[in-house]
Amino acid sequence: MVSKAPLLCTVVVAAALFAAPFAGAAERHAKAKRIVSVGGTVTEILYALGAGERIVARDTTSYYPQAANAKPDVGYMRALSPEGIFAQKPDLIVAEDGAGPADAIAVLKAGQVPFVEIATPPSGDAIPRKIRDTGAAVGLEDKADALAKDVETALAALKADIAAIDPASKKRVLFVLSLANGRVMAAGTETEAGALIEMAGGVNAAASLSGYKPMSDEAVIASKPDLVLVMQTGQHQMTAEQVFAVPALQATPAAASRSLLTMDGLYLVGFGPRTPSAARELAAALYPGVVKP
């Protein structure tokens, strides 16, 4: 009779070998003390969870909170250098999807340092999942769940306020990313700015576009925005004088009332813990008698 003990032993050992890497990875993530954070929203979440001291470096888009600016900068999230990141001797890399270039990300994923990619779809409903995924990556699930629930509550409260707005009186908003040679670059559908406008109860005046696209003068005039929304960050910063000096924008209702709202870029399109506040700020500007900031 052939003994089954050696076979059983082999199965047990094999199972242990396959289980060990996953258990070890989870343990390293929870104990990671040298995190490189790529993506402004992920960095913001890590700080909100109390993991800021564990971050040893961040990318250029990670400028909030202010404390993040004291960390070494590994470059723009879409133009990363694996060498620059590995030079920080991280024990964990947490990055938003969309980081690049692709070959750099492939090198990072193939390295010995655990690499966690966080999905960042431009949707308010996706924010809680983004927070929970980031928290799980660093072993702070409980704190992440509490923060996610706060965001869910804030989003629900805003949605209830927006529901009181008469659909026939909804305001049209045009998000202007840039003005190159007097040509308006606007946010259409499938963009963070477009999603924020809808979250705030507005109508995206450039909804006929997909992504960030230039608009013809005729299209800008036809879009009839009641308010123009712009960033107040870096090269995208614009004043009311600059915006309403554009002939096509001069012919809009927004120009007649000088309705321009500026927001910090990450606050506006980051879709992180502060997004309910950003959406409420926009909603209050559109419907001051209905929504309070």
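In table form, for the structure just shown:
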{"read-out": "Within region 30-54, tally of residues that are out of contact with any Pro (no Cβ under 6 Å at 6 or more places or on another chain) and either part of a helix (DSSP H, G or I) or at pLDDT below 50 (or both)", "value": "12"}
{"read-out": "Residue count, region 131-146 (criterion: surrounded by 22 or more Cβ atoms within 10 Å (Cβ to Cβ) and in a helix (DSSP H, G or I))", "value": "5"}
{"read-out": "Matching entry among Val220, Val176 (being buried (at least 22 other Cβ atoms within 10 Å of the Cβ), part of a helix (DSSP H, G or I), aliphatic (A, V, I, L, M) and assigned by TED's automatic domain parsing to the domain that holds Ser277)", "value": "Val220"}
{"read-out": "Enumerated helices (runs of 4 or more DSSP H) restricted to region 230-284, each holding at least 3 residues that are buried (at least 20 other Cβ atoms within 10 Å of the Cβ)", "value": "265-269"}
{"read-out": "Hey, Val291 in contact with a strand residue (DSSP E or B) (Cβ under 7 Å, 6 or more places away or on another chain) and not small (Gly, Ala, Ser) or not", "value": "no"}
{"read-out": "Test result for Gly182, more than 18 Å from the chain's Cα centre (by Cα), assigned by TED's automatic domain parsing to the domain that holds Gln235, under 23 Å from Thr262 (Cβ atoms) and surrounded by fewer than 19 Cβ atoms within 10 Å (Cβ to Cβ)", "value": "yes"}
{"read-out": "Residue list for region 80-97, restricted to those being without any contact (Cβ under 8 Å) to a residue 24 or more places away in the chain and not hydroxyl-bearing (Ser, Thr, Tyr)", "value": "Glu83, Gly84, Ala87, Asp97"}
{"read-out": "Search result, residues across region 99-135 that are in contact (Cβ under 8 Å) with a residue 40 or more places away in the chain and in contact with a Lys or Arg (Cβ under 7 Å, 6 or more places away or on another chain)", "value": "Ala99, Pro114, Ile118, Thr120, Gly135"}
{"read-out": "So Gly201, is it surrounded by 22 or more Cβ atoms within 10 Å (Cβ to Cβ) and within 26 Å of Glu241 (Cα to Cα)", "value": "no"}
{"read-out": "Criterion violated by Glu281 - all others in (1) closer than 16 Å to Ala180 by Cα; (2) touching a residue at least 12 places away in the same chain (Cβ under 8 Å); (3) charged (D, E, K, R) satisfied", "value": "(1)"}
{"read-out": "Test: residue in region 181-203 that is at pLDDT below 95 and assigned to a helix (DSSP H, G or I)", "value": "no"}
{"read-out": "Boolean, Glu117 is under 22 Å from Gln235 (Cβ atoms), at pLDDT 95 or above, surrounded by 16 or more Cβ atoms within 10 Å (Cβ to Cβ) and out of contact with any His (no Cβ under 9 Å at 6 or more places or on another chain)", "value": "no"}
{"read-out": "Yes/no for Ala206 being in contact with a Pro (Cβ under 9 Å, 6 or more places away or on another chain), crowded, with 18+ Cβ neighbours inside 10 Å, on the phi < 0 side of the Ramachandran plot and part of a loop (DSSP other than H, G, I, E, B)", "value": "yes"}
{"read-out": "Of all residues making up region 87-106, the number that are surrounded by fewer than 16 Cβ atoms within 10 Å (Cβ to Cβ) and of a type in the set (A, V, I, L, M, F, W, C)", "value": "3"}
{"read-out": "Output for region 86-129, where each listed residue is hydrophobic (A, V, I, L, M, F, W, C) and under 22 Å from Lys31 (Cα atoms)", "value": "Phe86, Ala87, Leu92, Ile93, Val94, Ala95, Leu108, Ala110, Val113, Phe115, Val116, Ile118"}
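The values are calculated or read from the model by the stated rules, or taken from the named source; none is laboratory data. Predicted model only: the values in this text are computed from it and were never measured. We place every Cβ from the backbone using ideal geometry, glycine too, and count neighbours over all the protein chains shown.
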